[in-house]
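Before any comments, here is the structure.
The values are calculated or read from the model by the stated rules, or taken from the named source; none is laboratory data. Please read all numbers here as calculations on a predicted model, not as lab measurements. Note that we place each Cβ from the backbone using ideal geometry, even for glycine, and neighbour counts take in every protein chain shown. Surface areas here come from the heavy atoms of the whole protein model, side chains and all, with no ligands, DNA or RNA. Shrake-Rupley method; radii C 1.70, N 1.55, O 1.52, S 1.80 Å.
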Amino acid sequence: MAAMAEEEEEERALLGEHGGGTGGSPGPPRALPAVCDPRRLPHRLLVLALMCFLGFGSYFCYDNPAALQTQVQRDMKVNTAEFMALYAWYSWPNVVLCFLGGFLIDRVFGIRLGTVIFSVLVCVGQVVFALGALLDAFWLMEAGRFIFGTGGESLAVAQNTYAVSWFKGKELNLVFGLQLSMARIGSTVNMNIMGWIYSRIQDLLGHTGSSTLGLTLMIGGVTCLFSLACATILAYLDRRAEKLLCKEQGKTGEVIKLTDVKDFSLSLWLIFVICVCYYGAVFPFIGLGKVFFIEKFKFSSQEASAINSIVYIISAPMSPVFGLLVDKLGKNIIWVLCAVVTTLAAHVMLAFTFWNPWIAMCLLGVAYSLLACALWPMVAFVVPEHQLGTAYGFMQSIQNLGLAVIAIAAGMILDTRGYLFLEVFFTACVCLSLVAVVMLYFVNHLRGGDLNWSAKKRKKLQKVAATEAEEQERLRRQTEEDLAKLQPKADDFSLRNKYLSKLGAQLPDNYSSYLPTMAHRSVLK
């Protein structure tokens, strides 16, 4: 009862303009503090902070294997192919869940319960992963990564859904940029702190081994508990705002129809190829990068962790900047081409030279940030709005499929051929991506597509299209009004028939006063 009374008081406070009264009614209620009012900026900034931290734990723990590659392979006695299977097991469930995540949020759980459930899955997955190390059972670690994967990608969908529900228009681009930046901060902190935590636990226990690794991973799981707490608080605030503002619960808006795949254009398939080949040369490389820098460039473990995380460090501040730049200038294909060429140069430098690797990794970080901002929006330019859910779901699905296969292949190459052949393999992936970008440029040019339009031209044509749509809507309404004027009014028609009946006039059956609409239809015949 006390909780209900408190909620009623909050509602009266929020709607204070209707709360005042006379004649014994209570006086005007006190206004809500700004941080408690869902319409005020301080409250929305609190929600934004919770949204950003919602995925922090997931991104922090995703690259736990990369931060502890040496320790995992040594303590669990596995080769590189088995080590990279930890990344593959994360990706396998998301080959399917990318299609189902939006459906589960919209139709089954709802955004609030769905977010909490996905956060719990992430926590459980990380705990099982750590228990696998504690019990010296590598199969259990793989099972943990599978569970972790079932929650991780769907949690990202839920995070975006919350953003769309709370922020609109120009705010949304900034919010997405801030969420991506926080995700990269989580990955960066993981790369630089997990090795240090392992060393401290090693000093405490006095030995290395699976128990030391398991305790380290369990401590890393605290970040997942923190994100779960954020999900719970966010669910409460969203429910409260829904009641106070009479707003609807957020939905993804995705409509997944697998039959739409047959209608995908060549341009969209080329975008898929670029996505798979490019990210396949980035994420698996980062997963194996720490030992690469130790062995080839003789870096210390701490230096190797630092340089391996530079891609994420650069991405954190640069993603919003590049997003704004692409929005202002357009020319998406040119930006993607620049990103792919820069990435190719970075991999060639790492493979065939002994130049300072900081140069190549900084180039890779800039290119990675630029490609993400230019590539993903292009899907919306080549797909009708009703097919966007299917297109993005399919793109994420084949991206996860490609990452799983490439991760396993990279581990096998490293075990049998060494780092030089591995870098050649990654270079070949980027070359395939480059070929796809060039083909996309010419296909778009020959078909008169808009992927490489400037932002100014696209805005102008969108304005013309909007004007035409408004004109068509106006003509449609005018036509409906004209037709309505031609139809007799039912009440007048009924009164006329009753009057004739009183005079004794014989009315046809189709002139029944009880069926005026049927009568009108018979006249039209």
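Tabulated values for the structure
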{"read-out": "Restricting the range 255-280 to residues that are modelled with pLDDT of 80 or more and in contact with a Ser or Thr (Cβ under 6 Å, 6 or more places away or on another chain), the residue that is surrounded by the fewest Cβ atoms within 10 Å (Cβ to Cβ)", "value": "Cys277"}
{"read-out": "Matching residues, the range 208-223, being under 17 Å from Ala66 (Cβ atoms), assigned to a helix (DSSP H, G or I) and of a type outside the set (A, V, I, L, M)", "value": "Thr216, Gly220, Thr223"}
{"read-out": "Elements of type helices (runs of 4 or more DSSP H) contained in the range 47-92, each with 2 or more residues being touching a helix residue (DSSP H, G or I) at 6+ places or on another chain (Cβ under 6 Å), closer than 15 Å to Gly152 by Cβ and hydroxyl-bearing (Ser, Thr, Tyr)", "value": "56-62, 80-91"}
{"read-out": "Selected residue [closer than 20 Å to Val222 by Cβ and touching a helix residue (DSSP H, G or I) at 6+ places or on another chain (Cβ under 7 Å)] from Leu104, Leu131", "value": "Leu131"}
{"read-out": "Qualifying positions in the range 381-394 - in a helix (DSSP H, G or I), open to solvent by less than 50 Å² (accessible area, probe 1.4 Å) and within 27 Å of Lys457 (Cα to Cα)", "value": "Val382, Gln387, Leu388, Gly389, Ala391"}
{"read-out": "Asp415 vs. criteria touching a residue at least 40 places away in the same chain (Cβ under 8 Å), open to solvent by less than 60 Å² (accessible area, probe 1.4 Å) and out of contact with any His (no Cβ under 7 Å at 6 or more places or on another chain)", "value": "no"}
{"read-out": "Matching entry among Gly221, Gly209 (being open to solvent by less than 40 Å² (accessible area, probe 1.4 Å), on the phi > 0 side of the Ramachandran plot and at pLDDT 85 or above)", "value": "Gly209"}
{"read-out": "Any hit, the range 360-378, residues being closer than 29 Å to Trp92 by Cα, in a helix (DSSP H, G or I) and touching a Pro at 6+ places or on another chain (Cβ under 7 Å)", "value": "no"}
{"read-out": "Test: residue in the range 341-361 that is over 18 Å from the mean Cα position of the chain (by Cα), of a type outside the set (A, V, I, L, M) and within 25 Å of Gly449 (Cβ to Cβ)", "value": "yes"}
{"read-out": "Scope the range 411-450; condition of a type in the set (Lys, Arg) and out of contact with any Leu (no Cβ under 9 Å at 6 or more places or on another chain); matching residues", "value": "Arg417"}
{"read-out": "Members of the range 298-309 found to be under 27 Å from the mean Cα position of the chain (by Cα) and surrounded by fewer than 20 Cβ atoms within 10 Å (Cβ to Cβ), listed by number", "value": "Ala306"}
{"read-out": "Residue that is within 19 Å of Ile334 (Cβ to Cβ), of a type in the set (A, V, I, L, M) and open to solvent by 60 Å² or more (accessible area, probe 1.4 Å), where the choices are Leu475, Leu446", "value": "Leu446"}
{"read-out": "Some residue of the range 421-436 being closer than 30 Å to Leu97 by Cβ, of a type in the set (Phe, Trp, Tyr), open to solvent by 30 Å² or more (accessible area, probe 1.4 Å) and at pLDDT 95 or above", "value": "yes"}
{"read-out": "Qualifying positions in the range 134-154 - modelled with pLDDT under 95 and open to solvent by less than 10 Å² (accessible area, probe 1.4 Å)", "value": "Gly149, Gly151, Gly152, Ser154"}
{"read-out": "Boolean, Asn452 is in contact (Cβ under 8 Å) with a residue 60 or more places away in the chain, assigned to a helix (DSSP H, G or I) and polar (S, T, N, Q)", "value": "no"}
{"read-out": "Scan of the range 346-380 for residues that are open to solvent by 10 Å² or more (accessible area, probe 1.4 Å) and at pLDDT below 90, ordered by number", "value": "Ala372, Cys373, Trp376, Pro377, Ala380"}
{"read-out": "Filtered residue count, the range 189-206, keeping only those that are within 19 Å of Ser319 (Cα to Cα) and crowded, with 24+ Cβ neighbours inside 10 Å", "value": "0"}
{"read-out": "From the options Leu46, Leu121, residue that is closer than 20 Å to Leu245 by Cβ and open to solvent by 30 Å² or more (accessible area, probe 1.4 Å)", "value": "Leu46"}
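For every residue, the table says whether it meets (1) of a type in the set (Val, Ile, Thr); (2) over 23 Å from Phe421 (Cα atoms); (3) free of Cβ contacts under 8 Å to residues at least 40 places away in the same chain.
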residue	(1), (2), (3)
Val276	yes, no, no
Val282	yes, no, no
Phe285	no, no, no
Gly289	no, no, no
Glu295	no, no, no
Gly323	no, yes, no
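Let's see how each residue does on (1) farther than 19 Å from Val72 by Cβ; (2) at pLDDT 90 or above:
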position	(1), (2)
Leu178	yes, no
Tyr198	no, yes
Ile201	no, yes
Leu213	no, yes
Ala229	yes, yes
